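Student: Pasting in a structure now, in structure tokens, and then I'll have a few things to ask.
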Amino acid sequence: MSLAKSDRGWMSGIAGEGLVTIGDPRLKAPVALIDPVSAAENLLDAMVARLRSLNGAGLAAPQVGVSARVVVIEVRKTDVFPDRPETPLVEMVNPVIVQRTPADVLGWEGCFSVPGIMGVVPRSFSVVVTFAGRAGTVVNQEFTGYAARVVQHEVDHLDGFEFVDRMESMASLTTVQNYLDHRRDDPSWVS
């Protein structure tokens, strides 16, 4: 089985067309709640298509220039992340993390809004999120492991944070290429 190719522009530090990057005030601005939930349908469609075209794990509305509390997550294995567990598509409207374990699990993160850069970020192993699905039904869903990491990363975007804001140390900050060449298989960075 061949793995999906990660976005080559992102890997080399080039932002994808239409993506908002670090330093743009729209990534720090408060986002609007969606009411009614059905108003998010076209945005959800566009975000899912964009996420899949980028072969990413998650995308938040501010990253595509929309001030809305909307997140899509779909984790697939890629050439950069061949070992991450897969998660089927989850569309979240107005997500809020309502419960979490301590943020003591270290792991590598990258971001389409911070192209070409990765770093080690502490996250909670488990989170419970309240959100509305596309049909408007409000659910509480628990996410664990890598899926919980992705959820926290994307909800952070709704609250004005990029992954670099959550790093305990800048010592792990690296380019994607250096991560692949020197750090991906070195467990000392995340132990």
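The values are calculated or read from the model by the stated rules, or taken from the named source; none is laboratory data. Please read these numbers as outputs of a predicted model, since none were measured by experiment. All Cβ positions, even for glycine, are placed from backbone atoms using ideal geometry, and neighbour counts span all protein chains on display. To get the accessible areas, we keep the full protein, side chains included, count just its heavy atoms, and leave off ligands, DNA and RNA. Shrake-Rupley method; radii C 1.70, N 1.55, O 1.52, S 1.80 Å.
Student: Out of (1) among the small types (Gly, Ala, Ser); (2) in a strand (DSSP E or B); (3) closer than 26 Å to residue 31 by Cα, what's the single condition that is false for residue 160?
Tutor: (2)
Student: Those residues that are at pLDDT 95 or above, in a loop (DSSP other than H, G, I, E, B) and either on the phi > 0 side of the Ramachandran plot or open to solvent by less than 10 Å² (accessible area, probe 1.4 Å) (or both), I need them from the range 26-85; list them, please.
Tutor: Correct list: 65 only.
Student: If the Cβ limit is 7 Å and pairs must be 6+ apart or interchain, which residue in the range 30-46 that is free of Cβ contacts under 8 Å to residues at least 60 places away in the same chain pairs with which residue that is outside any helix (DSSP H, G or I) and open to solvent by 80 Å² or more (accessible area, probe 1.4 Å)?
Tutor: Every condition considered, no pair remains.
Student: Can you confirm whether residue 190 is open to solvent by less than 70 Å² (accessible area, probe 1.4 Å), under 28 Å from residue 26 (Cα atoms) and either touching a Phe, Trp or Tyr at 6+ places or on another chain (Cβ under 9 Å) or among the β-branched types (Val, Ile, Thr) (or both)?
Tutor: It is false that residue 190 is open to solvent by less than 70 Å² (accessible area, probe 1.4 Å), under 28 Å from residue 26 (Cα atoms) and either touching a Phe, Trp or Tyr at 6+ places or on another chain (Cβ under 9 Å) or among the β-branched types (Val, Ile, Thr) (or both).
Student: Next up: Which of the numbered conditions does residue 88 fail, given that it passes all the others? Conditions: (1) exposed (fewer than 12 other Cβ atoms within 10 Å of the Cβ); (2) not in a strand (DSSP E or B).
Tutor: (2)
Student: Here's something else I'd like to know. In this structure, is residue 166 open to solvent by less than 60 Å² (accessible area, probe 1.4 Å) and on the phi < 0 side of the Ramachandran plot?
Tutor: Against the criterion (open to solvent by less than 60 Å² (accessible area, probe 1.4 Å) and on the phi < 0 side of the Ramachandran plot), residue 166 does not qualify.
Student: Determine whether the range 119-128 contains at least one residue that is within 16 Å of the chain's Cα centre (by Cα), open to solvent by 70 Å² or more (accessible area, probe 1.4 Å), touching a residue at least 24 places away in the same chain (Cβ under 8 Å) and within 26 Å of residue 67 (Cβ to Cβ).
Tutor: No, every residue in the range 119-128 fails to be within 16 Å of the chain's Cα centre (by Cα), open to solvent by 70 Å² or more (accessible area, probe 1.4 Å), touching a residue at least 24 places away in the same chain (Cβ under 8 Å) and within 26 Å of residue 67 (Cβ to Cβ).
Student: Considering the range 6-25 alone, what residues qualify as being of a type in the set (Val, Ile, Thr) and either open to solvent by less than 30 Å² (accessible area, probe 1.4 Å) or in a helix (DSSP H, G or I) (or both)?
Tutor: Scanning the range 6-25 gives a single hit, 20.
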